[in-house]
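Trainee: One structure coming up, written as structure tokens, with questions to follow.
The values are calculated or read from the model by the stated rules, or taken from the named source; none is laboratory data. Since we're looking at a predicted model, the values are computed, not measured. Ideal geometry is used to build each Cβ from the backbone, glycine not excepted, and the neighbour counts take in all protein chains shown.
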Protein chains: 2
Amino acid sequence: MSEPSTINQKNRPFVRFTGHPTPHYHKEETGLLNSVDCVIFGFYGTELHLLLHRFPYEPLVGHWALLGGFVHPEESIDDAARKTVVKLTGLQDVYMEQVYTFGDVYRVPTDRVITTCYYALIEVEPTLNQLSHEYGATWQPISKVLQLELVYDHFTMFEKALEQLRRKVRYQPIGFELLPEKFTMLELRNLYESILGRPLDKRNFSKKILNMNLLVKLKEKQKGTSRRGAYFFQFDEKRYQELVSKGFLFEI
Amino acid sequence: MSEPSTINQKNRPFVRFTGHPTPHYHKEETGLLNSVDCVIFGFYGTELHLLLHRFPYEPLVGHWALLGGFVHPEESIDDAARKTVVKLTGLQDVYMEQVYTFGDVYRVPTDRVITTCYYALIEVEPTLNQLSHEYGATWQPISKVLQLELVYDHFTMFEKALEQLRRKVRYQPIGFELLPEKFTMLELRNLYESILGRPLDKRNFSKKILNMNLLVKLKEKQKGTSRRGAYFFQFDEKRYQELVSKGFLFEI
């Protein structure tokens, strides 16, 4: 099959469902490459982290990049994004959201690639020993990521995803996706401080979150971090859904 | 050139920039069709309106649809969306925002088409006599649109765009994009009520918006609508930018 020689060459074939009784209207249109890129957030220690890998393609071999993949004809873009996260972390059923689609003509210098960016919120701990070696993926703290150069427009994707996460985390309890099932009040506050990028008043934060009646205080304490130990809490998803159905609005 | 016969057929060619010194990595990937669909909002009388047209393709000929177009290799997706709005309304420099990308495999029953939805905010009046007859476009009030069936997933796009507009309009002064240069306080309140879908307290609304010092009260009055006439206002874009640079947050 001959290859297109310039960007203006038209009439590339594309995917068509044969056997459909209705005629096809788009015979003259050109197929474009579509990809997904995933901004994978995790929380570890006291800081939000981002999963990055070293880009394997010339001339940017070894530069930091988001993980992504092409969208194939038989999969939705959501499925393509989910597949990228599973491939990399081994984790299924991860919380994901679409962020934005980047469609500038020369965003990738070698080919016309339209990419849709997603963010994913995952628990770091289960991935620490099983991150795919094949892709050389590692967790990098956000404070360090802000100093890095990423390939192509990946830094813009990261910024846009972080902005969307910051907005959303205040009005939906998605922050709990980043924590283990049991967490202390300090861990929860550290998480919010790291996402929002600013300190939060200790007393006000606890009061606000406990007043929502969404946390279950466990009898168990965290050991080793302080002399008295801190109580663990759990997020009550069922209670949250009940409250939402009555018009409750989560707000931090 | 032979045509692909099933959705799973691979190795469709796609757009490649020749002459670039770096090698191409994506030779095995398949090109997909990309389109844009525009949710074009306008404000008229006391209600938000949507620009719709009658779909020209079988088997959905004559059904209501959003206006869209394919993304061509030599244009960005933003440019493709802008082109759709210009083609339809004749208006340049319209306020637009990307909403979401819909990428389910069978969203269009005849072909694999990934579409990115945008909304546009335009002044209805200049378009009333120049809407393209070729596309049969007409302004439909939102209250009516909510009762319509649109083709494919166009209704979902409309809902998603309206949701984004509702969120955004409260924190950025984009509502003024929908009004003529001079407007009365009643027109401004009608606009917000129609977008947000709920009544607003007359006195509180005026107070809130006037306290922000973003409106210039003109000496001129609107005639014919009330005995005394209502003063016209203008939005002061320069003043808004000054305030924003000092940390001001618009909020309705």
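Trainee: If you take the residues in the range A:83-93 that are surrounded by fewer than 16 Cβ atoms within 10 Å (Cβ to Cβ) and touching a residue at least 12 places away in the same chain (Cβ under 8 Å), which one is nearest to A:Phe41 (Cα to Cα)?
Mentor: Result: A:Leu91.
Trainee: Quick one: in the range B:225-252, which of the residues that are in a loop (DSSP other than H, G, I, E, B) and among the β-branched types (Val, Ile, Thr) is nearest to B:Phe176 (Cα to Cα)?
Mentor: Across the range B:225-252, the extreme among qualifying residues is B:Ile252.
Trainee: Taking only the range B:203-224 into account, find how many residues are in a loop (DSSP other than H, G, I, E, B) and without any contact (Cβ under 8 Å) to a residue 24 or more places away in the chain.
Mentor: Going through the range B:203-224 one residue at a time, the tally reaches 2.
Trainee: Let me ask something additional. Only one of B:Leu186, B:Leu191, B:Leu214 is more than 23 Å from B:Thr116 (Cα to Cα) and under 17 Å from the mean Cα position of the chain (by Cα). Can you tell me which?
Mentor: Details: B:Leu186 fails: under 17 Å from the mean Cα position of the chain (by Cα); B:Leu214 fails: under 17 Å from the mean Cα position of the chain (by Cα).
Residue meeting the stated conditions: B:Leu191.
Trainee: Checking A:Phe235 against (1) touching a Phe, Trp or Tyr at 6+ places or on another chain (Cβ under 9 Å); (2) of a type in the set (A, V, I, L, M, F, W, C); (3) within 28 Å of B:Val99 (Cα to Cα), which single condition isn't satisfied?
Mentor: (3)
Trainee: Across the range B:50-64, which residue is modelled with the lowest pLDDT among those that are under 26 Å from B:Arg166 (Cα atoms) and more than 11 Å from the chain's Cα centre (by Cα)?
Mentor: Start the filter on the range B:50-64 by keeping residues that are under 26 Å from B:Arg166 (Cα atoms), which leaves B:50-53, B:64.
Okay, now just the ones that are also more than 11 Å from the chain's Cα centre (by Cα), so B:52-53, B:64.
Values: B:Leu52: 95, B:His53: 92, B:Trp64: 95.
The qualifying residue modelled with the lowest pLDDT is B:His53.
Trainee: Go through B:Val61, B:Val86 for me and flag whichever is over 16 Å from B:Phe155 (Cα atoms), more than 8 Å from chain A (Cβ to nearest Cβ) and touching a Phe, Trp or Tyr at 6+ places or on another chain (Cβ under 8 Å).
Mentor: It is B:Val61.
Trainee: Considering only residues that are under 20 Å from A:Glu28 (Cα atoms), more than 7 Å from every other protein chain (Cβ to nearest Cβ) and modelled with pLDDT of 95 or more, which ones fall in the range B:102-124?
Mentor: B:Thr115
Trainee: Quick test for you: out of B:Gly103, B:Gly69, pick the one residue that is within 21 Å of B:Val151 (Cα to Cα) and without any contact (Cβ under 8 Å) to a residue 24 or more places away in the chain.
Mentor: On the way: B:Gly69 fails: without any contact (Cβ under 8 Å) to a residue 24 or more places away in the chain.
Unique residue meeting the criteria: B:Gly103.
Trainee: Also, I was wondering about something else. Taking the range B:221-252, which residues are exposed (fewer than 11 other Cβ atoms within 10 Å of the Cβ), of a type in the set (D, E, K, R) and more than 30 Å from B:Leu146 (Cβ to Cβ)?
Mentor: Passing the criteria: B:Lys223, B:Arg227, B:Arg228, B:Lys238, B:Lys246.
Trainee: Here's a follow-up. So which of A:Leu162, A:Leu150, A:Leu146 is closer than 27 Å to A:Thr101 by Cβ and without any contact (Cβ under 8 Å) to a residue 40 or more places away in the chain?
Mentor: After applying the criteria, what remains is A:Leu146.
Trainee: Does A:Ala80 satisfy the condition of being at the interface with chain B (Cβ under 9 Å from one of its Cβ atoms), in contact (Cβ under 8 Å) with a residue 40 or more places away in the chain and closer than 30 Å to B:Arg112 by Cα?
Mentor: yes
Trainee: What do you reckon, is B:Leu200 modelled with pLDDT of 95 or more and assigned to a helix (DSSP H, G or I)? Outline the logic, then answer.
Mentor: Values: modelled with pLDDT of 95 or more: yes; assigned to a helix (DSSP H, G or I): no.
Criteria not met by B:Leu200.
Trainee: Right, here's the next one. Suppose the filter is surrounded by fewer than 18 Cβ atoms within 10 Å (Cβ to Cβ) and modelled with pLDDT of 65 or more; does A:Thr46 pass it?
Mentor: yes
Trainee: Would the range B:94-103 turn up any residue that is part of a helix (DSSP H, G or I), surrounded by 13 or more Cβ atoms within 10 Å (Cβ to Cβ) and either within 17 Å of the chain's Cα centre (by Cα) or among the hydrophobic types (A, V, I, L, M, F, W, C) (or both)? So that I can check it myself, show each step before the final result.
Mentor: First, the residues of the range B:94-103 that are part of a helix (DSSP H, G or I): none.
The answer is no, given that none of the residues of the range B:94-103 is part of a helix (DSSP H, G or I), surrounded by 13 or more Cβ atoms within 10 Å (Cβ to Cβ) and either within 17 Å of the chain's Cα centre (by Cα) or among the hydrophobic types (A, V, I, L, M, F, W, C) (or both).
Trainee: Could you list, in sequence order, the residues of the range A:42-55 that are within 18 Å of A:Asp153 (Cβ to Cβ) and either within 14 Å of another protein chain (Cβ to nearest Cβ) or in a loop (DSSP other than H, G, I, E, B) (or both)?
Mentor: Correct list: A:Phe55 only.
Trainee: Also, I was wondering about something else. Residue by residue through the range B:125-149, note down the ones that are within 18 Å of the chain's Cα centre (by Cα), polar (S, T, N, Q), modelled with pLDDT of 90 or more and not in a strand (DSSP E or B).
Mentor: Within the range B:125-149, just B:Ser143 meets the criteria.
Trainee: What's the number of the condition A:Ile122 fails, among (1) within 18 Å of B:Tyr100 (Cβ to Cβ); (2) surrounded by 16 or more Cβ atoms within 10 Å (Cβ to Cβ)?
Mentor: It is condition (1) that A:Ile122 fails.
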